[in-house]
Structure formats: C-alpha cells, structure tokens
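Reviewing the structure listed below.
The values are calculated or read from the model by the stated rules, or taken from the named source; none is laboratory data. Quick caveat: nothing in here was measured; it's all calculated off a predicted structure. Please note: Cβ atoms are built from the backbone with ideal geometry, for glycine as well, and neighbour counts cover all protein chains shown.
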Amino acid sequence: MQWDYDNPQYYDALGTLTHFYGTTGNLEESIPLYESATRLSPYDAHFWSDLGAAYDWAGRTNDASRAFQRALQLFPNSPEINWRFANFAIRAHQIPEALRSLQIVLAGNNSSHRDVFHLAANATRDDRAILEMLPPQTSVFFDYLNFEMEAGNVLAAEQAWLRLLQLKLPFSLRQAFPYLDALIQHREPDRLAAAWSALAERFSEQIGPLVSKPNLVANGSFERDLLDGGMDWRVVPVEGAVAGLDSHGAFEGTRALRIEFNGKRNLDYEHVFQYVAVRPNTRYRFSGAMRVNGITTDSGPRFQVFDAFNMQKLFLSTENMVGTSNWSSQQLEFKTKADTRLVLIRVARPPSEKLDNQISGTVWIDQISLNPENQ
C-alpha cells in the first residue's frame, strides 16, 4: 500500500485479512480499508460487497444494505454477490429480497444448490415461496425435489415434480428414477404410480411398449431392453451371478432373461426384481416361465411375490428348480390385503444350508404376468 497507495486491491485485501484475522476485537477495523477500496474503484461490485459484509459484521445494518444494493446494481447476476446479500437479507428479515437473490444463485448453475435450499428452508417454512424461487432449470428442480425427499417433505417434493412436468422442462427418463426410488422408500405407492403414469405419457416410446394390459408386469416378455429403474425390471450386480437378456431359446418371442451362477458362492440371491402397483382387496394370478440347466445344491431359483413394505402381510413363493429341466410355467394366486398397494416380484435363491452349498448353473425366465383374476 505504501508503494502503490492508489491500488484499491491492496486495501480490499488488507480489509479481508483484518476482517477474518483481526486481533483487536474492533468489529469496525476493516471498514475504513474497504471504504478506501470503494472510493478508489467505485465501480467494482466485489469491493462494495466486501464493504457490505463489514458493515453487517459491525451491526450497521442500514449501511450494509446500501453497500450491498450498490454491489448488486453493478453486478446484478453475480451468484457470489447475490449469495452474500441473501445471507445478509435473511438476518435483516428481508425474506422476499433474499429469495430473489437466491434464485439468481441457483440460475448460476454452480454446485451449491443444496446450500441454497438449506438457507431458504431455514429462512421460510413456505414451500410454495421456495418453489417460486426455483429458476426453470431441470437440474435445479431435480436437486430440489431430491433435497425435499431426503428431508421427508414428500408434499413439497411432489409440488416440485408437478411443476417440473407443467413447465415441460426437458429431462431424461433416468433422471426421474431417484425420485421414484425415494417414493418407494417413503412408502408412497399412490404417488409412485402417478409419477410412473406421468412418465409413461412423456416417454411413450420407451415405456409404452413395456405395458401389455391387462398384465401389470412391465416388459414381462423381456422383448425390450431393461430400464433398470422405475417400475420396470431392475438387475442389481452381485459377485457370483451375472444376469442379462438372452436371444436364444426363449419360452415365447425372441428373448428371455438369463442368470448364470458361477459356483463360487452360496448366494442369497434376490437381485432381479420389479415393483408392481396393485389394488387392495383384489384377487390376482401370477404366472412365470422358468427353465434351468445344471443348477447345483438343494436350493434353486424360484419366483417370489410379496407386499413391498411388509412381507408378513403377503408373501408367496413358487417351488424352487434344481438340476436341468425344460420350460415350465409357475403360478400363484392370492388376494391383496386392505392396505396392500405395491408388490415386489423377484427371482430369488435363498442360501443353502447344506455343506455343498455353492450354486452353479443357469436359469432362464420369461413371460412374467400378474393379472386381476376377473380379467
């Protein structure tokens, strides 16, 4: 500063050092330095923002407000300056002004979305006000609805989801899967079914061919590629088994799902499954075709159907299949309980209790269906 006394950057830098590392306890110690920086460079928005923060630190709210407003006039779309002003505005109980600045922060497309959501949620409990704050950007909406689902605020997340659809913002089908998974985790089968239905309308070319009414199972013939999410088939990778589509020897059509066990593990296998929405107090018939080749141990693969949230309410299993056998149709009949709205269908192999328990061999499955009995 002695060598270049009219360089505002030095005054601002020393003001920052004094502000964060000052030892005198004087809350106004950095203010004259920031004031010198703004006097020497009156059109630098960051200097005015630093001065506003110093005024705020010293409890000079009106001066801080004027300094921040000057910074925003000079650089209105700066995410950094708007973030600093929003924090000040919330402490000053200027909530609408804070939310407007936070909207600009979100529109800046940086990585601080969750910090913004936390700040806005702490400043106001008005979910609609926060929703109005969101800029029309797909990434922001998904980050926000995932944030609300993690916080257990299902209604706020659903409002964001509906607004996302209403605005017709572009997104990929896979981007919606975390929201659907969160609805399952929060035991929201009706909202899950509604969200899947909305996706089916938007992504008709991807989801439409999976549905063959009255069969409630999506892609039950495995003729389409697996979406691996939502209410289509999911295949979870696990050591000791490999699952994938096979275009040879299907029960009907051109493809079946094949699972190969490598004989090195006593697997507790439950890694191919699908969620299916059902009606309470309704009778259903399940059917699935299965073929095995060289399945070892006494515990082989079988189909299981059960209440997705409580197995004690509903749990059914077909007979297991071991050794080698041709295609056979496995069937189950059941009636859902009064509060059963979501079932899980899976291919399972419980671990064997025998000494020779490492499973090897191959199983094929095809033509999975779940139909109301009156249809």
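What to note about this one:
- Number of positions in the stretch 52-95 that are assigned to a helix (DSSP H, G or I) and under 21 Å from residue 42 (Cβ atoms): 24
Okay, residues lined up against (1) crowded, with 19+ Cβ neighbours inside 10 Å; (2) of a type outside the set (D, E, K, R); (3) within 43 Å of the chain's Cα centre (by Cα):
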{"site": "37", "(1), (2), (3)": "yes, yes, no"}
{"site": "42", "(1), (2), (3)": "no, yes, no"}
{"site": "52", "(1), (2), (3)": "yes, yes, yes"}
{"site": "63", "(1), (2), (3)": "no, no, yes"}
{"site": "68", "(1), (2), (3)": "yes, yes, yes"}
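- Restricting the first member to the stretch 143-171 and to residues that are crowded, with 20+ Cβ neighbours inside 10 Å, and the second to residues that are among the aromatic types (Phe, Trp, Tyr) and in a loop (DSSP other than H, G, I, E, B), the beta-carbon pairs closer than 8 Å and six or more apart or on different chains are 164/171.
- Taken over the stretch 208-232, the criterion of being acidic (Asp, Glu) and more than 23 Å from the chain's Cα centre (by Cα) is satisfied by 223 alone.
- Candidate set from the stretch 238-257 (those that are more than 29 Å from the chain's Cα centre (by Cα) and among the charged types (D, E, K, R)); member that is surrounded by the fewest Cβ atoms within 10 Å (Cβ to Cβ): 252
- Residue among 228, 232, 190 that is out of contact with any His (no Cβ under 9 Å at 6 or more places or on another chain), under 26 Å from residue 372 (Cβ atoms) and exposed (fewer than 15 other Cβ atoms within 10 Å of the Cβ): 190
- Every test in (1) of a type outside the set (Gly, Ala, Ser); (2) surrounded by 13 or more Cβ atoms within 10 Å (Cβ to Cβ); (3) touching a residue at least 40 places away in the same chain (Cβ under 8 Å) is passed by residue 174 save one, and that test is (2).
- Among the residues listed as 195, 200, the single one being assigned by TED's automatic domain parsing to the domain that holds residue 138 and at pLDDT below 95: 200
- Residue in the stretch 323-364 that is surrounded by the fewest Cβ atoms within 10 Å (Cβ to Cβ), counting only those that are in contact with a Pro (Cβ under 8 Å, 6 or more places away or on another chain) and of a type in the set (Val, Ile, Thr): 336
- Scanning the stretch 305-314 for residues that are farther than 19 Å from residue 233 by Cα and in contact with a strand residue (DSSP E or B) (Cβ under 6 Å, 6 or more places away or on another chain) gives 313, 314.
- Scanning the stretch 274-287 finds one or more residues that are surrounded by fewer than 17 Cβ atoms within 10 Å (Cβ to Cβ) and on the phi > 0 side of the Ramachandran plot.
- Among residues of the stretch 70-123 being within 21 Å of residue 54 (Cβ to Cβ) and small (Gly, Ala, Ser), the one that is surrounded by the fewest Cβ atoms within 10 Å (Cβ to Cβ) is 92.
Let's see how each residue does on (1) farther than 21 Å from residue 185 by Cα; (2) in a strand (DSSP E or B); (3) in contact (Cβ under 8 Å) with a residue 60 or more places away in the chain:
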{"residue": "313", "(1), (2), (3)": "no, no, no"}
{"residue": "321", "(1), (2), (3)": "yes, no, no"}
{"residue": "324", "(1), (2), (3)": "yes, yes, no"}
{"residue": "329", "(1), (2), (3)": "yes, yes, no"}
{"residue": "332", "(1), (2), (3)": "yes, yes, no"}
{"residue": "339", "(1), (2), (3)": "no, no, no"}
{"residue": "343", "(1), (2), (3)": "no, yes, yes"}
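- Answer from 239, 223 - the residue that is of a type in the set (Asp, Glu) and not assigned by TED's automatic domain parsing to the domain that holds residue 273: 223
- Residue selected from the stretch 330-368 under the condition modelled with pLDDT of 95 or more and of a type in the set (Ser, Thr, Tyr), by the criterion farthest from residue 235 (Cα to Cα): 336
- Some residue of the stretch 300-322 being among the basic types (Lys, Arg), surrounded by 17 or more Cβ atoms within 10 Å (Cβ to Cβ), closer than 27 Å to residue 248 by Cα and out of contact with any Lys or Arg (no Cβ under 8 Å at 6 or more places or on another chain): no
- Breaking point among (1) more than 17 Å from residue 241 (Cβ to Cβ); (2) modelled with pLDDT under 95; (3) surrounded by 21 or more Cβ atoms within 10 Å (Cβ to Cβ), for residue 297: (1)
- For the stretch 248-295, the tally of residues that are outside any strand (DSSP E or B), in contact with a Leu (Cβ under 9 Å, 6 or more places away or on another chain) and farther than 25 Å from residue 333 by Cα stands at 1.
- Residue 68 modelled with pLDDT of 95 or more, within 23 Å of residue 140 (Cβ to Cβ) and in contact with a Gly (Cβ under 9 Å, 6 or more places away or on another chain): no
- Answer residue from the stretch 17-32, given it is within 20 Å of residue 80 (Cβ to Cβ) and buried (at least 17 other Cβ atoms within 10 Å of the Cβ) and is farthest from the chain's Cα centre (by Cα) among those: 30
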